[in-house]
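Everything below concerns the one structure shown next.
Please treat every number below as a calculation from the coordinates, not as lab data. Computed from a predicted model, the values in this text were never measured in an experiment. Glycine also receives a Cβ, built like all others from the backbone with ideal geometry; neighbour counts cover every protein chain displayed.
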Amino acid sequence: MINPNISKEPTLVFSIFKDYGPEILFNNSILDENTALTLVMTGMTLVEMNKPSIGRLDGSQRPKMLGPIPVPDNETLKAIAIPFETEITSSTDVRIEQAGYRLCVAYFLFEGSAVREVLDSYGLIIPYFTLIARSLGTEANINPSSIKQVFVKMVDMFSGKIPRIYGVNQDNSLKEMIGKRLEYADTYLLCDLHKNEMYILLYNPSMDVWRRREIYKVASELNSNMFKSSMRIKTVEDVKEMVRILDILNIEISPV
């Protein structure tokens with residue numbers, strides 16, 4: 001997630017490959033039409049060179065993020081590209097008609113100073129995009145309004161309004177969890193970058209002191225490595241307090 005000290009939010013150039021070539025459906029960046037189209041052409045060439053990066057939003061094949069990509073005629077901006085296929089409505093191109101899908105690429109543009117922070121969130125960007133952009137998996141649902149809705153939610157993630165949540169496995173490794181309903185774990189690390197707080201939620205009341213120490217060590221290492229030690233770490237054992245925190249964030253834990 002973008003550090004709150006970096007105030008620049010991303011902008012978006014969204015393109016789709018129509019029968020006659022690439023078309024820009026959404027652009028709220030500072031790039032003019034010609035420059036944005038040059039970025040799109042450069043990005044689509046990169047995508048074609050990395051075909052395994054192209055995914056689908058139905059969960060069958062997760063896209064892969066490409067970049068950072070230089071932005072034409074702008075030395076301060078960098079872009080990351082998320083390529084995916086959308087199910088066609090119709091096509092006069094025989095190849096596209098037979099394939100049943102056409103290519104879309106979402107280009108998120110950032111100030112160069114923010115790119116390092118963006119890449120630190122690599123593990124969250126694609127799963128979150130795949131989750132919130134499901135409607136774009138069908139061409140009929142792709143329009144400036146639906147693209148803007150996805151963009152607004154991605155801004156929330158990049159700006160730190162969406163917490164990062166990790167389940168702690170029995171071997172003390174971490175598994176990042178995405179969505180509003182999380183699978184069960186006896187311990188969660190809930191990282192609220194907006195408030196600079198990391199909550200250790202201990203769901204297992206009978207946990208021994210040695211595992212508690214290991215979990216705190218894992219939390220401290222995550223704070224240091226991922227968040228540059230900016231988080232205040234709080235351990236929460238009271239169930240009512242856990243429920244209160246999760247309710248505020250609109251998160252539900254699946255039963256055992």
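Which whole-number percent gives the relative contact order of the chain, counting Cα pairs below 8 Å spaced six or more residues apart?
Taking the mean separation of contacting Cα pairs over the length of the chain, I get 17 percent.
Given Lys217/Lys240; Lys51/Lys180; Lys148/Lys175; Lys161/Lys228; Lys195/Lys228, which pairs have Cα atoms separated by over 20 Å?
Result: Lys217/Lys240; Lys51/Lys180; Lys148/Lys175 exceed 20 Å.
Enumerate the amide H contacts of Arg164 below 5 Å, restricted to partners 5 or more residues apart or on another chain; note that Pro and chain-start residues carry no placed amide H.
Those qualifying (amide H under 5 Å, at least 5 residues apart or on another chain) are Cys191, Leu193.
Among the chymotrypsin sites (Phe, Trp or Tyr not before Pro) within segment 126-187, which fall in a DSSP loop and have no more than 16 other Cβ atoms within 10 Å of their own Cβ?
Answer in residue order: Tyr184.
Return P(r) of the chain (all Cα-Cα pairs; 5 Å bins starting at 0; whole %; ordered from short to long distances).
All Cα pairs, binned at 5 Å, distribute as 1, 6, 13, 16, 16, 14, 11, 9, 7, 4, 2, 1, 0, 0 percent.
Determine the shape class of segment 164-253: with a ≥ b ≥ c the square roots of the Cα gyration tensor eigenvalues, call it rounded for a/c under 1.5, and otherwise prolate if a/b is greater than b/c, oblate otherwise.
Verdict is rounded for segment 164-253.
Taking 7 Å along the Cα-to-C-beta vector as the label spot, tell me the Leu249-Lys153 distance in nanometres, rounded to one decimal.
Result: 1.8 nm between the two label points.
Which FRET efficiency value, to the nearest 0.05, is calculated for Glu75 and Glu9 with the Förster distance at 25 angstrom and r the Cβ-Cβ distance?
0.80
In Å and whole numbers, how far do the C-alpha atoms of segment 11-158 stretch along each principal axis, longest first?
43, 31, 30
Just to compare against my own numbers: the Cα pair-distance distribution for segment 7-53, 10 Å bins, whole % per bin, please.
Using 10 Å bins, I get a P(r) of 24, 51, 22, 2 for segment 7-53.
Give a residue-ordered list of calculated ³J(HN,Hα) values for segment 50-63 (Karplus: 6.51 cos²θ - 1.76 cosθ + 1.60, θ = phi - 60°; whole Hz; x for Gly, Pro).
Running phi through 6.51 cos²θ - 1.76 cosθ + 1.60 with θ = phi - 60° gives 10, 3, x, 6, 6, x, 10, 9, 8, x, 6, 8, 6, x Hz.
Hey, what number do you get for the chain at 222 nm if only DSSP H runs of n ≥ 4 count, each worth -39500 (n - 2.57), divided across all residues, to the nearest 500?
So the helix-based figure for the chain works out to -10000 deg cm²/dmol.
Relative contact order for segment 65-108: what percent, with Cα pairs under 8 Å and sequence separation of 6 or more?
Computed value for segment 65-108: 36 percent relative contact order.
Can you give the FRET efficiency for Leu25 and His194, using 1/(1 + (r/R0)^6), R0 = 30 Å, r = Cβ-Cβ distance, to the nearest 0.05?
That pair, Leu25 with His194, gives E of 0.50.
Could you give the nm distance between label points at Gln98 and Trp210, where each point is 7 Å from its Cα heading toward the beta carbon?
Label at Gln98, label at Trp210, 6.3 nm between them.
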